Amino acid sequence: MSVIREGKVKRVLEDPSSKQHVIIEFTNFVTAGDGAKKDELEGKGRLACDITEFLLKYLSDKGIETHYVETLEGPRIRCFRAAILPVEVVCRNIAAGSFCRRYGIEKGIELDRPLVEFFLKDDDLGDPLITEEAVLRLNLVNKTDLGFMKSIALSVNHYLSELFGQQELRLVDFKLEFGKTADGRLVVADEISGDTMRIWNKEGESLDKDLFREDSGDLLSAYIGILEILRKTDPDSIPIRPETLQVIVMPKDGIKNPPGEVTKKGLIRLGFQDVKEVRVGKVFQVSLTKPLTSGLLKGLELMNIKLLTNPIAETHEVRLA
Ligand code: UDP
C-alpha cells in the first residue's frame, strides 16, 4: 500500500480497493512538544485506534458526520478521503495546557461555558492560535464552514462530556480536525483519543497524553482504562443535542426599504438628527432536531432561497444562535 502522508504517530495509506477511501494506520509512537519528546510503546497504536473507533462511531450515531468507515486489521481504519482543512479546532471546558501558558491562568479553573479556539495547522510556525477574522481574511476556511466547525465542536463537546460524565470523568479539552470529502461534505477527521483530548478522573488525575508530556504516569494503563470505561457507558441514553440557527435577512443595497424610511422619519422626529438611513430586515430562528450536517446546511440554503428570502432583493446570512 503506498503511503500518502507520514505523520508523527499515524500514516495515511492509499486504499487499493477504492479511490474514495484512504487507510489510516496507528503506530506505537507517542510524541509531545511537536515531536521534541518521542517514544514507542508496544500496543499504544491499537489502543488509540480502538478509542477512536468507539468515539467516531458514537458521534456518527448522534448525527455528526465523520470520516470513519470501518476498522481493519493493523491497527488501521478505513476512512473517506478528505482534504484536511488547514485549521484545527480546540474546545475547552477547564483551563489546561497552552491556555494556561498563554494567559497565565491556573490549571483546573472551570470555564463558565465551553470555549472554542482555532489554531493554524503549520508545524514550522508551531501551530499558532488564529482569530476567526484572520482565518476568513487569509481564505483558509469560508465563513459557512467556519461556523459549521464551531457548531460541530460544541456538539462533540456535549456528547463526549456526557459520555465521560456517566463514568465520573471530566472532559477537559480536545482537538478536532475537519476534512472535505469529494462530494463536498465537511466531516470530523483524524483521531479522537487520549492523544487529542484531556480527561481527568474525580481526583483530577490525568488519563491522557499529559502523563507522557509530564512524565507523570503510565500512558498505556491510562488508555486501557479509558477503553474499559467507554465500554461501560450507555451511549443510547444520551439525548440528541438540537441545533438552533438564525437566518438574518436584509434588503440589498439600493433596494427601496419603506419600513426603514418610516423608522428613520420617526427617529428624526424624536430628535435623532444624525440618523442617515435605517434599513429593516428580519431574523428567523430555526431549531433543528439534530446536530448540523453538510446535508442539513444545503437543505437550509434551499429553504432560505425557497421560503425565507427573495434572492433578487435580499441577502441572507446563517448564524448559530
Ligand atoms: N492537541 C492535539 N494536537 C495538537 C495540539 C493540541 O491533539 O497539535 C490537543 C491536546 O491534547 C489537548 C487540546 O488539544 O487535549 C488542547 O491542547 P493545548 O492547546 O492546551 O496544547 P498543549 O498543551 O497540548 O500544547
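The values are calculated or read from the model by the stated rules, or taken from the named source; none is laboratory data. Note that the coordinates shown come from a computational prediction; the quantities given were computed from them, not determined experimentally. Note that we place each Cβ from the backbone using ideal geometry, even for glycine, and neighbour counts take in every protein chain shown. Calculation scope for accessible area: heavy atoms of the full protein, side chains included, ligands and nucleic acids excluded. Shrake-Rupley method; radii C 1.70, N 1.55, O 1.52, S 1.80 Å.
If you line up the Cα atoms of the range 1-61 on their principal axes, what length do they span on each, largest first, in Å?
Cα extents, longest axis first: 35, 30, 20 Å.
Explain nothing, just the number: dipole magnitude of the range 47-201 about its Cα centre with +1 on each Lys and Arg Cβ and -1 on each Asp and Glu Cβ, in debye rounded to the nearest 20.
260
About the Cα centre, and with charges only on the beta carbon of Lys, Arg (+1) and Asp, Glu (-1), how big is the dipole of the chain? Nearest 20 debye, please.
Working: 46 positive and 52 negative charges, 327 e Å.
The dipole magnitude comes to about 1560 debye.
List the relative contact order of the range 184-313 as a percent without decimals, with contacts defined as Cα pairs under 8 Å and 6+ residues apart.
23
Please express the Cα-Cα pair-distance distribution P(r) of the chain as a list of whole percents, one per 20 Å bin, running from 0 to the bin with the greatest distance.
Going from the shortest bin to the longest, the percentages are 28, 52, 17, 4.
So how much slack lies between GLU168 and ASP236, counting 0.36 nm per residue of separation and subtracting their Cα-Cα distance, in nm?
That pair, GLU168 and ASP236, stretches by 22.7 nm at full extension.
By the scheme Lys and Arg +1, Asp and Glu -1, what is the net charge of all other residues having a beta-carbon under 11 Å from that of PRO86?
Within the 11 Å Cβ shell, the charges total -3.
Rounded to the nearest 0.05, what FRET efficiency is calculated for GLU40 and LEU136 with R0 set to 45 Å and r the Cβ-Cβ distance?
Working: r = 40 Å, r/R0 = 0.90.
Efficiency at R0 = 45 Å is approximately 0.65.
How tilted is helix 44-61 with respect to the longest principal axis of the chain? Cα atoms for both, answer in degrees (0 to 90, nearest 10).
In the chain, helix 44-61 runs at an angle near 30 degrees to the longest axis.
Rounded to two decimals, what is the ratio between the C-alpha radius of gyration of the range 29-101 and 2.2 N^0.38 Å?
Values: Rg = 15.0 Å, N = 73, 2.2 N^0.38 = 11.2 Å.
Cα Rg divided by the expected 2.2 N^0.38 Å: 1.34.
For the chain, what does -39500 (n - 2.57) per DSSP helix run (n ≥ 4), summed and divided by total residues, give at 222 nm, in deg cm²/dmol to the nearest 500?
-9000 deg cm²/dmol
Take the chain, connect every pair of alpha-carbon atoms lying under 10 Å apart with a spring to form a Gaussian network, then pick out the residue of LYS175, LYS232, LYS44 with the largest mean-square fluctuation.
LYS232
Once you list every other residue whose beta carbon is under 13 Å from the beta carbon of ASN257, what net charge do they have if Lys and Arg are +1 and Asp and Glu are -1?
+2
Leaving out ligands, DNA and RNA, and with a 1.4 Å probe, what % of the accessible surface on the chain is carbon or sulfur? Let's see the in-between values first.
Numbers: 8700 of 16600 Å².
Using a 1.4 Å probe with all protein chains present, the chain comes out at 52 percent carbon and sulfur.
If you place +1 on the Cβ of every Lys and Arg, -1 on the Cβ of every Asp and Glu, and leave all else neutral, what size is the dipole of the range 156-237 about its Cα centre, to the nearest 20 Debye?
Roughly 220 debye, rounded to the nearest 20.
Give, as a single signed number, the net charge of other residues whose beta carbon lies under 9 Å from the beta carbon of LYS202, with Lys and Arg counted +1 and Asp and Glu -1.
After counting each charged neighbour, the total is -2.
Could you report the chain's accessible area per residue, 1.4 Å probe, as an integer in Å²?
Ligands and nucleic acids excluded, the result is 52 Å² per residue.
Please compute the contact order of the range 48-202 in relative form: average sequence separation of alpha-carbon pairs under 8 Å and at least six residues apart, divided by the residue count, as a percent.
30
Considering only LEU120, ILE109, ILE305, whose Cα is most displaced toward the positive end of the charge dipole of the chain, charges sitting on Cβ of Lys, Arg (+1) and Asp, Glu (-1)?
So the residue furthest toward the plus end is ILE305.
How many nm separate the modelled label positions at SER18 and LEU111, each set 7 Å beyond the Cα in the direction of the Cβ?
3.5
Ignoring the sites themselves, what is the longest stretch of the chain with no GluC sites (Glu not before Pro) in a DSSP loop and at most 13 other beta-carbon atoms within 10 Å?
Here the longest run is 215-276.
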